[in-house]
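Inspection log for the structure reproduced underneath, given as structure tokens.
Nothing in this text is a laboratory measurement; each read-out follows from the coordinates by a stated rule. Note that the coordinates shown come from a computational prediction; the quantities given were computed from them, not determined experimentally. Positions of Cβ are generated from backbone atoms using ideal geometry, with glycine treated the same way; all protein chains shown enter the neighbour counts.
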Amino acid sequence: MRADLIQETVTVLEEYGFNVLVYLHSCFDIAAQRKDLTLLVKVLENIDGFREEYADELKKLSASLNASPLVIGEKSKAETLVNNVIYDRYGIPVITLGSLQSTMIGAYPEKVSSKGRVIAEIDGETLRKAREKKHVTAEQLADELNLTKESIYLYENDKIRTKYEIAKRIESFLNANLIKAKKPFQSFAFREEHQSGLGRRLMLMDFDVSSFHRMNFDLFAKDEKNSVVIKQDMAKHPEKVAEFSDFFKTFFAVVSNEKNADVPVVTEEELKSVSNKKDFLKLIKEKR
């Protein structure tokens, strides 16, 4: 069950020193922070359930938090996922729980699944040195392994990847470790150019602003020093957003004319009185 997989993922992350926040019903299920790494993890038994709109929001939020997005899964409709392989859904790395455990000790996957093929990336300089050490020309190596001389040239100059099976054959012949292990953690740069309403006002105050439709907050604004999470109504669980804000040490406010003793509330009238970043941050801080 997905609930079991989420708990097992939490257990692994906590075992390796991460502070963890379980945050369901959003574009991610688990936030995990350690001094060297922040992860936003979506956990699915069947990764076909991960839709593109969720991937887009996860990339956007990861960029806002300087985090790495990751999907933990067990299968797709086409196959059962295996360890030591990085899969992909809409540009976000997908791995098994077993692979996550391995990465925690620095044993990163060697294989990447791409369009139904399992491929690997060869370290070109190491390949060239191993070939020269064995006193084999590129043409001789190609002939020995039933490859082309052009392919060997491209591998040695890091121009192309190859099937994992071919990479292992080259390693075996040269008796060398050539395959580059791949970290399944990557960062995203994202900048929204168009905002309306409050988002536009914040952009004019020189904040970077991202808007969200599948989180329980609406805007994430940040500059070099401060981050602010904003919810523009009181309707859905503002205390959940406060939990997110506490975990990531951001400021948080609900823009509403309703009162709520549990969360900081900024009224529309108060916002109208603010015209610059300094005054906006002062207003938000006063509401904490």
- Message: How tilted is helix 52-65 with respect to the longest principal axis of the chain? Cα atoms for both, answer in degrees (0 to 90, nearest 10).
- Response: 80 degrees
- Just one of (1) 26.4, 103; (2) 19.5, 63; (3) 23.8, 78 is Rg and Dmax of the Cα atoms in Å as worked out from the coordinates here. Which one is it? (3)
- Quick one: work out the % antiparallel among DSSP beta bridges in the chain, nearest 5. 60 percent
- the range 69-81 - phi-based ³J(HN,Hα) in whole Hz, Karplus 6.51/-1.76/1.60, Gly and Pro as x: x, 8, 10, 9, x, 10, 7, 10, 5, 8, 6, 8, 6
- Message: If I take every Cα pair under 8 Å that is 6 or more residues apart in the range 41-172, average their sequence separation and divide by the length, what percent do I get for the relative contact order?
- Response: 18 percent
- Query: Taking only C-alpha pairs under 8 Å that are 6+ residues apart, what is the relative contact order of the range 10-53 in percent?
  - Reply: 24 percent
- Amide H proximity to Ile86 below 5 Å, modelled H, separation 5+ or other chain, gives Lys111, Val112, Ser113
- Item | Percentage relative contact order, the chain, counting C-alpha pairs under 8 Å, at least six apart | 12 percent
- Note on the structure: Going through Lys42/Lys111; Lys35/Lys231; Lys134/Lys183; Lys240/Lys278 one by one, the pairs whose alpha carbons sit over 24 Å apart turn out to be Lys35/Lys231; Lys134/Lys183; Lys240/Lys278
- Query: By how many degrees, between 0 and 90 and to the nearest 10, does the Cα long axis of helix 277-286 differ from the longest principal axis of the chain?
  - Reply: 70 degrees
- HN-Hα J in Hz across the range 11-27 - Karplus 6.51, -1.76, 1.60, θ = phi - 60°, x for Gly and Pro: 4, 4, 5, 5, 4, 9, x, 8, 7, 10, 10, 8, 9, 6, 6, 8, 6
- Message: If the reach is capped at under 18 angstrom between alpha carbons, list the aspartates and glutamates near Lys249, excluding any in the same chain fewer than eight residues apart.
- Response: Asp36, Asp208, Asp218, Asp223, Glu224, Glu239, Asp262, Glu286
- Whole-Hz Karplus couplings 3J(HN,Hα) for the range 29-45, θ = phi - 60° and coefficients 6.51, -1.76, 1.60, Gly and Pro as x, run 10, 9, 9, 9, 10, 9, 3, 9, 7, 10, 10, 10, 10, 9, 10, 9, 5
- Query: Are there GluC sites (Glu not before Pro) in the range 30-114 that DSSP marks as loop and that have at most 14 other Cβ atoms within 10 Å, and which are they?
  - Reply: Glu79
